[in-house]
Amino acid sequence: MSGTVEIVGVTKRFGSHLAVDDISFGIGSGEFFSLLGPSGCGKSTTLRMLSGFEAPDEGAIRIAGQDMTDVPPYRRPTNIVFQRWALFPHMSVEANVAFGLEAEGRPRAEIRSRVGDALALVGLSGFAGRKPGQLSGGQMQRVALARALVKQPKVLLLDEPLSALDLKLRHQMQIELKRIQQEIGTTFIFVTHDQGEALAMSDKVAVMNAGRVEQIASPQELYDAPATRFVAGFIGHANLLPVTVEGPAGEGLARVRLGDLGFVAVAREALSGEATLALRFERVRIGAAQAGVGASGLDNPGLDHPGLDHLGSARATGVVRQMIFGGSTVQYVVGLDAASVEITAEQPHGAGAAVFTQGTPVTLTWEPADGRLFRP
Ligand SMILES: Nc1ncnc2c1ncn2[C@@H]1O[C@H](COP(=O)(O)OP(=O)(O)OP(=O)(O)O)[C@@H](O)[C@H]1O
Ligand SMILES: [Mg+2]
(Lines give C-alpha, C1' and ligand atoms only; values in the text may rest on other atoms or scores of the structure.)
(Ligands and ions follow the chains in the order given, each with its own letter.)
Protein backbone atom coordinates (compact mmCIF):
# COMPACT_ATOMS: atom_id res chain seq x y z
CA MET A 1 0.00 0.00 0.00
CA SER A 2 2.75 2.45 0.93
CA GLY A 3 4.18 2.51 -2.58
CA THR A 4 0.98 2.70 -4.61
CA VAL A 5 0.71 5.34 -7.30
CA GLU A 6 -2.48 6.58 -8.94
CA ILE A 7 -2.51 8.83 -11.96
CA VAL A 8 -5.97 10.16 -12.72
CA GLY A 9 -6.77 12.07 -15.91
CA VAL A 10 -3.37 13.78 -16.04
CA THR A 11 -2.68 16.23 -18.87
CA LYS A 12 0.37 18.42 -19.47
CA ARG A 13 0.78 21.08 -22.16
CA PHE A 14 3.86 23.05 -23.13
CA GLY A 15 2.38 26.04 -24.97
CA SER A 16 0.09 24.50 -27.56
CA HIS A 17 1.94 21.17 -27.49
CA LEU A 18 0.11 18.38 -25.69
CA ALA A 19 2.99 16.46 -24.08
CA VAL A 20 0.81 14.20 -21.91
CA ASP A 21 -2.78 13.68 -22.96
CA ASP A 22 -5.27 12.57 -20.32
CA ILE A 23 -3.51 9.50 -18.92
CA SER A 24 -4.95 7.38 -16.10
CA PHE A 25 -3.52 4.28 -14.48
CA GLY A 26 -2.50 2.76 -11.18
CA ILE A 27 0.75 1.17 -10.06
CA GLY A 28 0.82 -1.38 -7.26
CA SER A 29 3.14 -1.17 -4.28
CA GLY A 30 6.40 -3.01 -4.95
CA GLU A 31 5.78 -3.22 -8.68
CA PHE A 32 8.51 -2.80 -11.30
CA PHE A 33 6.58 -0.62 -13.71
CA SER A 34 7.97 0.74 -16.98
CA LEU A 35 6.93 3.62 -19.19
CA LEU A 36 7.94 2.61 -22.71
CA GLY A 37 7.61 4.59 -25.90
CA PRO A 38 9.44 6.45 -28.66
CA SER A 39 11.34 9.69 -28.15
CA GLY A 40 9.09 12.63 -27.33
CA CYS A 41 6.03 10.58 -26.32
CA GLY A 42 5.86 12.10 -22.83
CA LYS A 43 7.66 9.57 -20.62
CA SER A 44 10.01 11.99 -18.84
CA THR A 45 7.24 14.56 -18.47
CA THR A 46 5.11 11.93 -16.74
CA LEU A 47 8.00 11.03 -14.44
CA ARG A 48 8.70 14.68 -13.64
CA MET A 49 5.06 15.17 -12.68
CA LEU A 50 5.36 12.19 -10.31
CA SER A 51 8.48 13.68 -8.75
CA GLY A 52 6.89 17.13 -8.46
CA PHE A 53 9.34 18.95 -10.73
CA GLU A 54 6.52 19.56 -13.19
CA ALA A 55 2.86 20.23 -12.34
CA PRO A 56 -0.03 18.70 -14.32
CA ASP A 57 -2.42 21.11 -16.04
CA GLU A 58 -5.27 18.76 -15.31
CA GLY A 59 -5.80 15.63 -13.26
CA ALA A 60 -4.39 14.32 -10.02
CA ILE A 61 -1.51 12.20 -8.77
CA ARG A 62 -1.81 10.21 -5.55
CA ILE A 63 1.03 8.35 -3.89
CA ALA A 64 0.27 6.00 -0.99
CA GLY A 65 -3.27 7.36 -1.11
CA GLN A 66 -2.16 10.97 -0.60
CA ASP A 67 -2.90 13.72 -3.12
CA MET A 68 0.41 15.19 -4.32
CA THR A 69 -0.93 18.40 -5.89
CA ASP A 70 0.42 20.74 -3.23
CA VAL A 71 3.36 18.61 -2.13
CA PRO A 72 6.78 19.96 -3.26
CA PRO A 73 9.38 17.53 -4.67
CA TYR A 74 11.48 17.30 -1.50
CA ARG A 75 8.46 16.31 0.57
CA ARG A 76 7.28 13.56 -1.77
CA PRO A 77 8.03 9.91 -0.96
CA THR A 78 9.85 9.68 -4.30
CA ASN A 79 13.40 9.93 -5.51
CA ILE A 80 14.67 10.15 -9.05
CA VAL A 81 17.67 8.72 -10.90
CA PHE A 82 18.60 10.35 -14.19
CA GLN A 83 20.28 9.13 -17.34
CA ARG A 84 23.37 11.21 -16.56
CA TRP A 85 24.59 10.43 -13.08
CA ALA A 86 25.24 13.93 -11.77
CA LEU A 87 27.73 12.98 -9.05
CA PHE A 88 29.82 15.56 -7.20
CA PRO A 89 33.27 14.99 -8.74
CA HIS A 90 35.30 16.36 -5.82
CA MET A 91 33.51 14.21 -3.22
CA SER A 92 34.14 10.56 -2.38
CA VAL A 93 31.60 7.87 -3.21
CA GLU A 94 30.63 7.75 0.45
CA ALA A 95 30.15 11.52 0.64
CA ASN A 96 28.10 11.50 -2.56
CA VAL A 97 25.75 8.88 -1.16
CA ALA A 98 25.60 10.55 2.27
CA PHE A 99 24.81 13.98 0.86
CA GLY A 100 21.01 13.74 1.00
CA LEU A 101 20.98 12.37 4.53
CA GLU A 102 23.36 15.07 5.73
CA ALA A 103 21.10 17.71 4.22
CA GLU A 104 18.31 16.20 6.35
CA GLY A 105 20.53 16.55 9.42
CA ARG A 106 20.53 12.84 10.27
CA PRO A 107 22.80 11.64 13.11
CA ARG A 108 26.30 10.66 12.02
CA ALA A 109 25.99 7.01 13.12
CA GLU A 110 22.74 6.55 11.21
CA ILE A 111 24.28 8.09 8.08
CA ARG A 112 27.30 5.77 8.26
CA SER A 113 25.17 2.70 8.62
CA ARG A 114 22.64 3.63 5.91
CA VAL A 115 25.36 4.61 3.42
CA GLY A 116 27.12 1.30 4.13
CA ASP A 117 23.90 -0.61 3.49
CA ALA A 118 23.17 1.28 0.28
CA LEU A 119 26.69 0.69 -1.09
CA ALA A 120 26.44 -3.01 -0.20
CA LEU A 121 23.08 -3.21 -1.99
CA VAL A 122 24.57 -1.93 -5.25
CA GLY A 123 27.73 -4.03 -4.85
CA LEU A 124 30.16 -1.15 -4.13
CA SER A 125 31.18 -1.85 -0.54
CA GLY A 126 34.91 -1.52 -1.25
CA PHE A 127 34.56 1.76 -3.14
CA ALA A 128 33.52 4.22 -0.42
CA GLY A 129 36.74 6.23 -0.53
CA ARG A 130 37.06 6.61 -4.31
CA LYS A 131 36.22 9.71 -6.30
CA PRO A 132 33.75 9.48 -9.23
CA GLY A 133 36.65 10.02 -11.66
CA GLN A 134 38.13 6.72 -10.50
CA LEU A 135 35.00 4.72 -11.40
CA SER A 136 33.69 3.12 -14.57
CA GLY A 137 30.40 4.24 -16.09
CA GLY A 138 28.54 1.30 -14.60
CA GLN A 139 30.01 1.95 -11.16
CA MET A 140 29.04 5.63 -11.34
CA GLN A 141 25.50 4.62 -12.20
CA ARG A 142 25.48 2.33 -9.16
CA VAL A 143 26.57 5.25 -6.98
CA ALA A 144 23.74 7.34 -8.39
CA LEU A 145 21.37 4.49 -7.56
CA ALA A 146 22.76 4.15 -4.02
CA ARG A 147 22.36 7.90 -3.53
CA ALA A 148 18.67 7.64 -4.44
CA LEU A 149 18.03 4.44 -2.46
CA VAL A 150 19.73 5.64 0.72
CA LYS A 151 16.83 8.01 1.26
CA GLN A 152 14.47 5.02 1.33
CA PRO A 153 11.86 6.41 -1.05
CA LYS A 154 8.55 4.58 -1.34
CA VAL A 155 8.72 5.09 -5.08
CA LEU A 156 11.94 5.23 -7.07
CA LEU A 157 11.71 7.01 -10.43
CA LEU A 158 14.33 6.08 -13.01
CA ASP A 159 14.67 8.08 -16.23
CA GLU A 160 16.63 6.00 -18.77
CA PRO A 161 19.29 5.29 -16.14
CA LEU A 162 21.13 2.72 -18.25
CA SER A 163 21.11 4.33 -21.66
CA ALA A 164 24.63 5.77 -21.38
CA LEU A 165 26.13 2.33 -20.73
CA ASP A 166 27.45 -0.04 -23.37
CA LEU A 167 25.28 -3.00 -24.32
CA LYS A 168 27.01 -5.63 -22.21
CA LEU A 169 27.08 -3.49 -19.07
CA ARG A 170 23.51 -2.50 -19.69
CA HIS A 171 22.38 -6.12 -19.66
CA GLN A 172 24.31 -6.72 -16.45
CA MET A 173 22.76 -3.67 -14.82
CA GLN A 174 19.26 -4.73 -15.90
CA ILE A 175 19.65 -7.97 -13.98
CA GLU A 176 21.22 -6.11 -11.05
CA LEU A 177 18.50 -3.50 -10.92
CA LYS A 178 15.80 -6.15 -10.92
CA ARG A 179 17.59 -8.00 -8.10
CA ILE A 180 17.85 -4.82 -6.01
CA GLN A 181 14.20 -3.99 -6.62
CA GLN A 182 13.10 -7.45 -5.52
CA GLU A 183 15.34 -7.31 -2.47
CA ILE A 184 14.02 -4.00 -1.15
CA GLY A 185 10.45 -4.21 -2.47
CA THR A 186 10.33 -0.53 -3.42
CA THR A 187 8.02 0.54 -6.27
CA PHE A 188 10.19 1.27 -9.32
CA ILE A 189 8.91 3.40 -12.20
CA PHE A 190 11.36 2.99 -15.01
CA VAL A 191 11.41 5.08 -18.18
CA THR A 192 12.93 3.67 -21.34
CA HIS A 193 12.53 3.75 -25.10
CA ASP A 194 14.19 0.33 -25.33
CA GLN A 195 11.55 -2.39 -25.53
CA GLY A 196 14.03 -5.16 -24.71
CA GLU A 197 14.92 -3.40 -21.48
CA ALA A 198 11.29 -2.86 -20.51
CA LEU A 199 10.28 -6.43 -21.34
CA ALA A 200 13.25 -7.92 -19.47
CA MET A 201 12.73 -6.13 -16.18
CA SER A 202 9.12 -5.12 -15.71
CA ASP A 203 6.13 -6.62 -13.97
CA LYS A 204 4.00 -4.24 -16.02
CA VAL A 205 4.64 -1.91 -18.92
CA ALA A 206 2.68 1.13 -20.08
CA VAL A 207 3.29 1.72 -23.78
CA MET A 208 3.03 5.42 -24.58
CA ASN A 209 2.62 7.10 -27.95
CA ALA A 210 2.20 10.83 -28.58
CA GLY A 211 1.25 11.65 -25.00
CA ARG A 212 -1.25 8.83 -24.61
CA VAL A 213 -1.12 5.38 -23.04
CA GLU A 214 -1.84 2.75 -25.69
CA GLN A 215 -1.77 -0.34 -23.47
CA ILE A 216 -0.79 -1.41 -19.98
CA ALA A 217 0.03 -5.09 -19.55
CA SER A 218 2.65 -7.62 -18.54
CA PRO A 219 5.53 -8.02 -21.00
CA GLN A 220 4.15 -11.32 -22.21
CA GLU A 221 0.63 -9.97 -22.73
CA LEU A 222 2.01 -7.02 -24.69
CA TYR A 223 3.85 -9.39 -26.92
CA ASP A 224 1.11 -11.96 -27.37
CA ALA A 225 -1.90 -9.68 -27.47
CA PRO A 226 -1.04 -6.14 -28.54
CA ALA A 227 -4.13 -3.97 -28.16
CA THR A 228 -3.32 -1.48 -30.89
CA ARG A 229 -1.52 -1.33 -34.19
CA PHE A 230 1.10 0.90 -32.60
CA VAL A 231 1.86 -1.64 -29.87
CA ALA A 232 1.96 -4.47 -32.41
CA GLY A 233 4.58 -2.55 -34.38
CA PHE A 234 6.56 -1.27 -31.41
CA ILE A 235 6.92 -4.48 -29.37
CA GLY A 236 8.92 -7.12 -31.16
CA HIS A 237 9.07 -7.12 -34.96
CA ALA A 238 5.93 -7.40 -37.03
CA ASN A 239 5.00 -7.12 -40.68
CA LEU A 240 2.20 -4.56 -40.93
CA LEU A 241 0.36 -5.51 -44.09
CA PRO A 242 -2.43 -3.58 -45.82
CA VAL A 243 -5.34 -6.02 -46.14
CA THR A 244 -9.05 -6.13 -46.87
CA VAL A 245 -11.33 -7.98 -44.49
CA GLU A 246 -14.31 -9.87 -45.83
CA GLY A 247 -16.34 -11.86 -43.56
CA PRO A 248 -17.31 -13.27 -41.23
CA ALA A 249 -17.32 -16.77 -42.67
CA GLY A 250 -18.03 -20.02 -40.74
CA GLU A 251 -17.77 -19.77 -36.92
CA GLY A 252 -17.66 -16.01 -37.14
CA LEU A 253 -14.20 -15.92 -38.71
CA ALA A 254 -13.46 -13.06 -41.06
CA ARG A 255 -11.33 -13.68 -44.13
CA VAL A 256 -8.36 -11.47 -44.71
CA ARG A 257 -7.27 -10.72 -48.28
CA LEU A 258 -3.85 -9.41 -49.27
CA GLY A 259 -4.14 -7.98 -52.78
CA ASP A 260 -3.77 -10.53 -55.58
CA LEU A 261 -2.46 -13.09 -53.16
CA GLY A 262 -5.98 -13.86 -52.04
CA PHE A 263 -6.89 -14.92 -48.55
CA VAL A 264 -3.92 -15.00 -46.22
CA ALA A 265 -5.47 -15.11 -42.78
CA VAL A 266 -8.59 -15.43 -40.74
CA ALA A 267 -9.51 -13.23 -37.86
CA ARG A 268 -11.89 -13.03 -34.96
CA GLU A 269 -11.64 -9.25 -34.66
CA ALA A 270 -14.83 -7.42 -35.51
CA LEU A 271 -13.40 -5.40 -38.38
CA SER A 272 -14.34 -5.14 -42.00
CA GLY A 273 -13.00 -3.32 -45.03
CA GLU A 274 -9.50 -1.88 -45.04
CA ALA A 275 -7.30 -3.06 -42.18
CA THR A 276 -3.74 -3.79 -41.13
CA LEU A 277 -2.63 -7.35 -40.52
CA ALA A 278 0.22 -7.61 -38.02
CA LEU A 279 2.22 -10.76 -38.61
CA ARG A 280 5.31 -11.32 -36.47
CA PHE A 281 8.57 -11.93 -38.31
CA GLU A 282 9.23 -15.16 -36.41
CA ARG A 283 5.81 -16.57 -37.31
CA VAL A 284 6.71 -16.56 -40.99
CA ARG A 285 8.61 -19.62 -42.15
CA ILE A 286 10.90 -19.52 -45.15
CA GLY A 287 11.79 -22.38 -47.47
CA ALA A 288 13.22 -22.97 -50.91
CA ALA A 289 10.77 -22.32 -53.77
CA GLN A 290 9.39 -25.61 -55.10
CA ALA A 291 9.24 -26.16 -58.82
CA GLY A 292 5.68 -26.07 -60.07
CA VAL A 293 4.21 -24.79 -56.82
CA GLY A 294 3.38 -21.21 -57.52
CA ALA A 295 0.18 -21.12 -55.57
CA SER A 296 -0.31 -18.38 -53.11
CA GLY A 297 -2.71 -17.55 -50.35
CA LEU A 298 -4.32 -20.28 -48.31
CA ASP A 299 -3.69 -23.88 -49.32
CA ASN A 300 -7.26 -24.73 -48.63
CA PRO A 301 -9.45 -21.70 -49.01
CA GLY A 302 -12.43 -23.77 -47.83
CA LEU A 303 -13.27 -21.14 -45.29
CA ASP A 304 -16.81 -22.38 -44.95
CA HIS A 305 -15.54 -25.17 -42.76
CA PRO A 306 -15.84 -24.18 -39.16
CA GLY A 307 -12.63 -24.15 -37.19
CA LEU A 308 -9.13 -23.64 -38.40
CA ASP A 309 -7.99 -27.23 -38.83
CA HIS A 310 -9.21 -27.32 -42.39
CA LEU A 311 -7.40 -24.24 -43.52
CA GLY A 312 -3.82 -25.40 -43.93
CA SER A 313 -1.08 -22.82 -44.07
CA ALA A 314 -1.05 -19.56 -45.95
CA ARG A 315 1.63 -19.46 -48.60
CA ALA A 316 3.29 -16.85 -50.74
CA THR A 317 6.17 -17.04 -53.18
CA GLY A 318 8.72 -14.32 -53.65
CA VAL A 319 12.37 -13.39 -53.93
CA VAL A 320 14.81 -12.56 -51.13
CA ARG A 321 15.60 -8.84 -51.40
CA GLN A 322 17.70 -8.58 -48.28
CA MET A 323 19.23 -10.90 -45.75
CA ILE A 324 20.00 -9.42 -42.35
CA PHE A 325 22.29 -11.50 -40.19
CA GLY A 326 21.61 -10.94 -36.49
CA GLY A 327 23.78 -13.61 -34.85
CA SER A 328 21.24 -15.93 -33.23
CA THR A 329 18.64 -15.19 -35.90
CA VAL A 330 18.51 -14.25 -39.58
CA GLN A 331 15.90 -11.98 -41.13
CA TYR A 332 14.88 -12.27 -44.75
CA VAL A 333 13.05 -9.43 -46.47
CA VAL A 334 11.07 -11.05 -49.26
CA GLY A 335 9.39 -9.21 -52.14
CA LEU A 336 6.19 -11.11 -52.97
CA ASP A 337 5.40 -12.18 -56.54
CA ALA A 338 1.66 -11.59 -56.27
CA ALA A 339 1.46 -8.37 -54.26
CA SER A 340 3.57 -5.26 -54.13
CA VAL A 341 4.54 -5.74 -50.49
CA GLU A 342 7.50 -7.15 -48.66
CA ILE A 343 7.20 -9.69 -45.87
CA THR A 344 10.04 -10.30 -43.45
CA ALA A 345 10.63 -13.78 -42.08
CA GLU A 346 12.92 -14.44 -39.15
CA GLN A 347 14.41 -17.79 -38.34
CA PRO A 348 17.00 -19.09 -35.89
CA HIS A 349 20.51 -19.24 -37.22
CA GLY A 350 22.42 -22.51 -37.23
CA ALA A 351 21.09 -25.95 -36.23
CA GLY A 352 20.81 -26.91 -39.87
CA ALA A 353 18.69 -23.95 -40.95
CA ALA A 354 19.13 -23.25 -44.66
CA VAL A 355 20.54 -19.88 -45.68
CA PHE A 356 18.94 -17.95 -48.56
CA THR A 357 21.02 -15.33 -50.28
CA GLN A 358 19.76 -12.19 -51.97
CA GLY A 359 17.89 -12.96 -55.20
CA THR A 360 16.88 -16.51 -54.20
CA PRO A 361 13.27 -17.50 -55.00
CA VAL A 362 11.60 -18.68 -51.80
CA THR A 363 8.27 -19.75 -50.36
CA LEU A 364 6.90 -18.18 -47.20
CA THR A 365 4.31 -19.94 -45.07
CA TRP A 366 2.43 -19.01 -41.92
CA GLU A 367 -0.60 -20.08 -39.96
CA PRO A 368 -3.74 -18.18 -40.94
CA ALA A 369 -4.71 -17.51 -37.34
CA ASP A 370 -1.28 -16.10 -36.34
CA GLY A 371 -1.87 -12.56 -37.51
CA ARG A 372 -3.75 -9.87 -35.66
CA LEU A 373 -5.98 -7.28 -37.27
CA PHE A 374 -6.06 -3.58 -36.56
CA ARG A 375 -7.72 -0.58 -38.14
CA PRO A 376 -5.56 0.81 -40.93
N1 LIG B 1 10.03 22.17 -20.70
C2 LIG B 1 9.50 21.91 -21.91
N3 LIG B 1 9.09 22.92 -22.71
C4 LIG B 1 8.53 22.68 -23.91
N5 LIG B 1 8.33 21.46 -24.42
C6 LIG B 1 8.73 20.41 -23.68
C7 LIG B 1 9.34 20.57 -22.39
N8 LIG B 1 9.62 19.35 -21.89
C9 LIG B 1 9.21 18.47 -22.83
N10 LIG B 1 8.68 19.09 -23.88
C11 LIG B 1 8.10 18.44 -25.08
O12 LIG B 1 7.11 17.52 -24.64
C13 LIG B 1 7.18 16.31 -25.37
C14 LIG B 1 7.41 15.14 -24.44
O15 LIG B 1 8.71 15.27 -23.87
P16 LIG B 1 9.34 14.17 -22.93
O17 LIG B 1 10.63 14.69 -22.45
O18 LIG B 1 8.35 13.81 -21.90
O19 LIG B 1 9.55 12.97 -23.93
P20 LIG B 1 10.21 11.53 -23.68
O21 LIG B 1 9.16 10.52 -23.96
O22 LIG B 1 10.87 11.50 -22.35
O23 LIG B 1 11.29 11.45 -24.85
P24 LIG B 1 12.82 10.89 -24.83
O25 LIG B 1 12.72 9.41 -25.04
O26 LIG B 1 13.42 11.56 -26.04
O27 LIG B 1 13.47 11.29 -23.55
C28 LIG B 1 8.29 16.51 -26.41
O29 LIG B 1 7.71 16.88 -27.62
C30 LIG B 1 9.12 17.62 -25.82
O31 LIG B 1 9.74 18.38 -26.85
MG1 LIG C 1 12.86 11.42 -21.72
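The values are calculated or read from the model by the stated rules, or taken from the named source; none is laboratory data. What you are looking at is a predicted structure, and each value in this text was computed from that prediction instead of being measured. In this analysis, Cβ positions are derived from the backbone assuming ideal geometry, glycine residues included, and neighbour counts consider all displayed protein chains. Calculation scope for accessible area: heavy atoms of the full protein, side chains included, ligands and nucleic acids excluded. Shrake-Rupley method; radii C 1.70, N 1.55, O 1.52, S 1.80 Å.
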Beta bridges by DSSP in region 5-232, antiparallel share as percent, to the nearest 5: 50 percent
Cross-link pairs 154/204; 131/154; 178/204; 43/204; 12/43; 168/204 - those with Cα-Cα distance over 21 Å: 131/154; 168/204
Per residue, in Å², the accessible surface of region 5-232 once ligands and nucleic acids are set aside, probe 1.4 Å: 45 Å²
Ellipticity estimate at 222 nm from DSSP helix runs (n ≥ 4, -39,500 (n - 2.57)) divided over the chain, nearest 500: -6500 deg cm²/dmol
Cut-off under 5 Å, modelled amide H: who pairs with residue 349 long-range: 329, 330
Cleavage-rule hits (GluC sites (Glu not before Pro)) in region 74-133: DSSP loop, at most 12 neighbouring Cβ within 10 angstrom: 104
Kyte-Doolittle mean at least -0.5 and Cα axial length at least 15 Å: DSSP H helices in the chain: 93-103, 108-121, 137-149
Computed Rg/Rh of the chain, alpha carbon atoms with Kirkwood Rh: 1.08
Alpha-carbon centroids, region 110-186 and region 334-354: separation in whole Å: 43 Å
Average silhouette area of region 1-132, convex hull of alpha-carbon atoms, in square nanometres: 10.0 nm²
Choice from 43, 178, 204 showing the highest fluctuation, given a GNM over the chain with Cα pairs closer than 10 Å: 178
Rounded percent of accessible protein surface that carbon and sulfur make up, region 7-92, 1.4 Å probe: 50 percent
Listed residues 336, 157, 193: farthest to the positive end of the dipole of the chain (Cβ charges): 157
Burial ranking of peptide ranges 278-288, 189-199 (average Cβ count within 10 Å, highest at the top): 189-199, 278-288
